[in-house]
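For reference, the structure discussed in these notes is given below.
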Amino acid sequence: MSKTAFVTGGTGFVGSHLVEELLRRGADEVRCLVRSDPKWLADLDVEYVRGDLSDIDTLWAALDGTTHVYHVAGLTRAPNWDPFYEVNVQGTLNLMGAVKHAAPNVERVLVTSSLAAVGRCDDGVATEQAALEPVSRYGKSKAQMEEALREPHEMTETESYAEALPLTVVRPPAVYGPRDRDILDFFRAVDRHVCPIVGGGQSPLSLVHVRDLAAGMVDASLHPAAVGETYHLGSPHLYAWREVKQVATDALDTWAVTVPVPGPLVSAVGAVAEAWGGLTGTYPALNRDKAREIRHACTACSTEKAQQDFDYQPRTPLDEGVAATIQWYQRHGWL
């Protein structure tokens, strides 16, 4: 891969694995936007670009000579709408404007959205043609981000960024793997012999290992058929929660009792956690907004389009991926 890549969000869970995948494929140079702590990038052969998505001059300088841009940075939780818009919508537009003018020969710009942008889905399994009906502020911000890419912008005169740049958008569903903290809580509960399942666990679930996602993102960024397209990068197999429970108990060599959690209880717990966070100066992962997403947003998506266009093929079996993830948690004292 004879390329110069610029990555936002490289210090995070998905972004750090993406950086590793780029290096594994032999990218000539990988530049990563870093606000302060390089975190998982500390031991990797990358160039740090100090700043954030509001630093236009920094973005322009960092993008000089870039062939591929991977926009992974994003805000996943906040107590109100304004930070979501500032980071996920305006921050993306800032980056696109910088790419348009500082990297005129860019070969691809890959933008990371989320299945949360789809939100409600009457069909149960979302395709790329599904209407965007997000139910959370995070999902709404990702939907608005996608819409903003398709609207005319003053930086491109009468064109949209989707027309002016070689864009590809990817929407991951639930992602698991080493370094993830969101699904860690589920594994901790199972380790304590409790398997909480919202609403009886009847809805299908797309669950992708982070390394498979990273490989799919790079593949999408290199294939000519992916220009101007949007893809769901999940799992070809749709899982039931009982399957996830089984592989988790096997990997932990334990047992767990399935505890159905009524939807209203999830909302109540989210409200209580948010209220407590207000008293302690924190904002919890489970809050009222996240509770709406858990209860009402689509959790499954089809990968057929990605399979057809660039042979997207996740290769990590769920049992192997979960076992390796749990071993990583245990080695690092997270579990």
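Cβ-Cβ under 8 Å, sequence separation 6+ or interchain: first residue in the stretch 100-111 and surrounded by fewer than 21 Cβ atoms within 10 Å (Cβ to Cβ), partner part of a strand (DSSP E or B) and of a type in the set (Val, Ile, Thr). Which pairs? Matching pairs, first to second residue: Val106/Val69.
With respect to Leu95, determine if the residue is at negative phi, surrounded by 24 or more Cβ atoms within 10 Å (Cβ to Cβ) and either in contact with a helix residue (DSSP H, G or I) (Cβ under 6 Å, 6 or more places away or on another chain) or touching a residue at least 40 places away in the same chain (Cβ under 8 Å) (or both). So Leu95 fails the test.
A count restricted to the stretch 1-27 and to residues that are without any contact (Cβ under 8 Å) to a residue 40 or more places away in the chain, within 22 Å of Pro178 (Cβ to Cβ) and surrounded by fewer than 20 Cβ atoms within 10 Å (Cβ to Cβ) stands at 2.
Among the residues of the stretch 288-300, is there at least one that is part of a loop (DSSP other than H, G, I, E, B), touching a helix residue (DSSP H, G or I) at 6+ places or on another chain (Cβ under 8 Å), under 18 Å from Asp182 (Cα atoms) and among the β-branched types (Val, Ile, Thr)? Checked against the condition, which is being part of a loop (DSSP other than H, G, I, E, B), touching a helix residue (DSSP H, G or I) at 6+ places or on another chain (Cβ under 8 Å), under 18 Å from Asp182 (Cα atoms) and among the β-branched types (Val, Ile, Thr), the stretch 288-300 yields at least one hit. Residues being over 30 Å from Glu107 (Cβ atoms) and either modelled with pLDDT of 95 or more or not in a helix (DSSP H, G or I) (or both): count how many of those fall in the stretch 218-245. Count: 4. Being over 18 Å from Arg315 (Cβ atoms), in contact with a Phe, Trp or Tyr (Cβ under 7 Å, 6 or more places away or on another chain) and among the hydroxyl-bearing types (Ser, Thr, Tyr): is that true of Thr249 here? Considered against the rule, which asks whether it is over 18 Å from Arg315 (Cβ atoms), in contact with a Phe, Trp or Tyr (Cβ under 7 Å, 6 or more places away or on another chain) and among the hydroxyl-bearing types (Ser, Thr, Tyr), Thr249 comes out as yes. In a residue-by-residue description of the stretch 263-275, the property of being in contact with a Cys (Cβ under 8 Å, 6 or more places away or on another chain), surrounded by fewer than 19 Cβ atoms within 10 Å (Cβ to Cβ) and either in contact (Cβ under 8 Å) with a residue 60 or more places away in the chain or not in a helix (DSSP H, G or I) (or both) applies to no position.
Looking only at residues in the stretch 134-156 that are without any contact (Cβ under 8 Å) to a residue 24 or more places away in the chain and either assigned to a loop (DSSP other than H, G, I, E, B) or under 18 Å from the mean Cα position of the chain (by Cα) (or both), the one that is surrounded by the fewest Cβ atoms within 10 Å (Cβ to Cβ) is Glu151. Could you check the stretch 28-60 and list, in sequence order, the residues that are in a loop (DSSP other than H, G, I, E, B), surrounded by fewer than 22 Cβ atoms within 10 Å (Cβ to Cβ), of a type in the set (A, V, I, L, M, F, W, C) and in contact (Cβ under 8 Å) with a residue 24 or more places away in the chain? Residue satisfying the conditions is Leu44 alone. What tally of residues in the stretch 84-111 results from selecting those that are among the polar types (S, T, N, Q) and either at pLDDT below 95 or touching a strand residue (DSSP E or B) at 6+ places or on another chain (Cβ under 6 Å) (or both)? Going through the stretch 84-111 one residue at a time, the tally reaches 1. Leu222 meets all of the listed conditions (1) within 19 Å of Gln202 (Cβ to Cβ); (2) surrounded by 15 or more Cβ atoms within 10 Å (Cβ to Cβ); (3) among the aliphatic types (A, V, I, L, M) but one, namely (1). Given the structure, is Arg50 of a type outside the set (Phe, Trp, Tyr), under 16 Å from the mean Cα position of the chain (by Cα) and over 19 Å from Val111 (Cβ atoms)? No: the conditions fail for Arg50.
The values are calculated or read from the model by the stated rules, or taken from the named source; none is laboratory data. Just so it is clear, the structure is predicted and the values come from calculations on it, not from any experiment. Positions of Cβ are generated from backbone atoms using ideal geometry, with glycine treated the same way; all protein chains shown enter the neighbour counts.
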